[in-house]
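The values are calculated or read from the model by the stated rules, or taken from the named source; none is laboratory data. Not measured: the values here are computed from a predicted model. Here the Cβ positions follow ideal geometry from the backbone for every residue, glycine too, while neighbour counts run over all protein chains shown. Ligands, DNA and RNA are stripped out before the accessible areas are found, and what is left, the full protein with its side chains, is counted by its heavy atoms. Shrake-Rupley method; radii C 1.70, N 1.55, O 1.52, S 1.80 Å.
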Amino acid sequence: MITVSIEFPETVFDSLGQEPDEFVKEMRVVAAVKWYELGKISESKAAEISGLNLGDFINV
């Protein structure tokens, strides 16, 4: 697995009312949904990226 680091201002987390770990989980799901929507990845790949099982991803 590859780790990618992204820097955000601390105010981002306050604005969203999230802790950094919650933000990362949501970001993975949002990115996977968008890439699936654009036809760039399959449902199963989107589920893998989002960290969800396929059934849970389909119900997002």
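Per this entry, residue 37 is counted among residues that are more than 9 Å from the chain's Cα centre (by Cα) and surrounded by fewer than 11 Cβ atoms within 10 Å (Cβ to Cβ).
Against the definition (open to solvent by less than 90 Å² (accessible area, probe 1.4 Å) and touching a residue at least 24 places away in the same chain (Cβ under 8 Å)), how does residue 51 come out, yes or no? Answer is yes for this residue. When each of 21, 56 is tested for being exposed (fewer than 12 other Cβ atoms within 10 Å of the Cβ), of a type outside the set (A, V, I, L, M), in a helix (DSSP H, G or I) and free of Cβ contacts under 8 Å to residues at least 24 places away in the same chain, the lone residue that passes is 21. Would a scan of region 2-16 turn up a residue that is β-branched (Val, Ile, Thr) and surrounded by 13 or more Cβ atoms within 10 Å (Cβ to Cβ)? Taking every residue of region 2-16 in turn, none turns out to be β-branched (Val, Ile, Thr) and surrounded by 13 or more Cβ atoms within 10 Å (Cβ to Cβ).
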